[in-house]
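Enquirer: Starting off with a structure, shown below.
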Amino acid sequence: MRHSRVINHLGRTSSHRKAMLANMATSLILHKRITTTTAKAKALRTYVEPLITKSKEDSTHSRRVVFSYLKDKTAVAELFREVSPKIGERPGGYTRILKTGHRIGDNADMCILELVDYNEAMLGGEAAKTKTTRRRKTSKKKDEVEGEVKAPKAAKEKAKKAEEPAKSKESAEEAAPEE
């Protein structure tokens, strides 16, 4: 029986699992969203959310504790400078898992793991810009428009044919020297 065995080992040794989660947490902090399997995303969520909570208090001790988990100086700096002020008032739940379907090769459940405050589409900032109105053309108007389009085309073609001989005469006169 597996009573009180909560951790998902992800089929890896302890050192491999710690290194993988540290690398994935670094990628999540730097890029704000990553695509991974659902099992890894759930394991990463329990790994990275305490680190984000720790980053709310910017002290040397908390930076060293976070660095001991991440092992990447740029990720620690990014976490404390940019991510922490943005999520300072949020009481937990810093990540979101969006399921995207199954991977083609092995049919594994895939998802996108992202930081909640960095998704502009969900926050509504980008949705207002891309919203446009679409109007449907009815068949009556379409027939009228097609009739109007055909008539001017025929008239334009006749006008072009009439202008071509006139242009050739003008170009011949320009080519001849004037005396």
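The values are calculated or read from the model by the stated rules, or taken from the named source; none is laboratory data. What you see is a predicted model, and the numbers here were worked out from it, not measured in a lab. All Cβ positions, even for glycine, are placed from backbone atoms using ideal geometry, and neighbour counts span all protein chains on display.
Enquirer: Could you tell me whether region 20-34 includes any residue that is surrounded by fewer than 13 Cβ atoms within 10 Å (Cβ to Cβ), free of Cβ contacts under 8 Å to residues at least 12 places away in the same chain and not polar (S, T, N, Q)?
Expert: Restricting attention to region 20-34, the residues satisfying the condition of being surrounded by fewer than 13 Cβ atoms within 10 Å (Cβ to Cβ) are 31.
With the extra rule that they be free of Cβ contacts under 8 Å to residues at least 12 places away in the same chain, the set shrinks to 31.
Right, trim to not polar (S, T, N, Q) and you get 31.
Checking region 20-34: at least one residue is surrounded by fewer than 13 Cβ atoms within 10 Å (Cβ to Cβ), free of Cβ contacts under 8 Å to residues at least 12 places away in the same chain and not polar (S, T, N, Q).
Enquirer: Another question about this same structure. Can you tell me how many residues within region 35-59 are in contact with a helix residue (DSSP H, G or I) (Cβ under 8 Å, 6 or more places away or on another chain) and either surrounded by 14 or more Cβ atoms within 10 Å (Cβ to Cβ) or on the phi > 0 side of the Ramachandran plot (or both)? So that I can check it myself, show each step before the final result.
Expert: Filtering region 35-59 for residues in contact with a helix residue (DSSP H, G or I) (Cβ under 8 Å, 6 or more places away or on another chain) gives 36, 40, 43-44, 47-48, 51-52, 54-56, 58.
Adding the requirement that they be either surrounded by 14 or more Cβ atoms within 10 Å (Cβ to Cβ) or on the phi > 0 side of the Ramachandran plot (or both) leaves 36, 40, 43-44, 47-48, 51-52, 54-56.
Residues that pass the stated criteria total 11.
Enquirer: Further, regarding this structure: Regarding region 15-23, can at least one residue be identified that is under 27 Å from the mean Cα position of the chain (by Cα) and closer than 20 Å to Asn119 by Cα?
Expert: Quick first cut of region 15-23, residues under 27 Å from the mean Cα position of the chain (by Cα) only: 19-23.
Narrowing the set further to residues that are closer than 20 Å to Asn119 by Cα leaves none.
No, region 15-23 contains no residue that is under 27 Å from the mean Cα position of the chain (by Cα) and closer than 20 Å to Asn119 by Cα.
Enquirer: Another question about this same structure. Is it the case that Ser4 is free of Cβ contacts under 8 Å to residues at least 12 places away in the same chain, part of a helix (DSSP H, G or I) and surrounded by fewer than 18 Cβ atoms within 10 Å (Cβ to Cβ)? Step through it out loud before you land on a result.
Expert: Numbers: free of Cβ contacts under 8 Å to residues at least 12 places away in the same chain: yes; part of a helix (DSSP H, G or I): no; surrounded by fewer than 18 Cβ atoms within 10 Å (Cβ to Cβ): yes.
No.
Enquirer: What number of residues within region 60-86 satisfy the criterion of being more than 20 Å from Tyr118 (Cα to Cα) and in contact (Cβ under 8 Å) with a residue 24 or more places away in the chain? Before the answer, list the steps.
Expert: Taking region 60-86 as the starting set, the residues that turn out to be more than 20 Å from Tyr118 (Cα to Cα) are 60-73.
Keeping just the survivors that are in contact (Cβ under 8 Å) with a residue 24 or more places away in the chain gives 69-72.
Total meeting the criteria: 4.
Enquirer: OK, next. In region 44-152, which helices (runs of 4 or more DSSP H) lie fully inside it and hold 1 or more residues that are over 30 Å from Leu10 (Cα atoms) and either modelled with pLDDT under 95 or of a type in the set (A, V, I, L, M, F, W, C) (or both)?
Expert: Details: elements: 60-70, 73-78, 120-123, 127-130.
Counting at least 1 such residues, we get 120-123, 127-130.
Enquirer: Residue by residue through region 58-107, note down the ones that are among the polar types (S, T, N, Q) and within 22 Å of Thr37 (Cβ to Cβ). If you could, list the steps in order and put the result at the bottom.
Expert: Let us first name the residues in region 58-107 that are among the polar types (S, T, N, Q), namely 59-60, 62, 68, 74, 84, 95, 100, 107.
Thr95, Thr100, Asn107, listed by residue number.
Enquirer: Could you tell me whether Tyr94 is of a type in the set (Ser, Thr, Tyr) and in contact with a Phe, Trp or Tyr (Cβ under 8 Å, 6 or more places away or on another chain)? Can you show your working first?
Expert: Working: of a type in the set (Ser, Thr, Tyr): yes; in contact with a Phe, Trp or Tyr (Cβ under 8 Å, 6 or more places away or on another chain): no.
No, not satisfied.
Enquirer: Something else about it: Considering only region 10-19, state which residues are part of a loop (DSSP other than H, G, I, E, B) and surrounded by 11 or more Cβ atoms within 10 Å (Cβ to Cβ). Write out each step before concluding.
Expert: As a first pass, look at region 10-19 and keep what is part of a loop (DSSP other than H, G, I, E, B): 10-13.
Result: Leu10, Arg12.
Enquirer: Only one of these is acidic (Asp, Glu) and touching a residue at least 24 places away in the same chain (Cβ under 8 Å): Glu57, Glu49, Glu89. Name it. Before the answer, list the steps.
Expert: Working: Glu57 fails: touching a residue at least 24 places away in the same chain (Cβ under 8 Å); Glu89 fails: touching a residue at least 24 places away in the same chain (Cβ under 8 Å).
It is Glu49.
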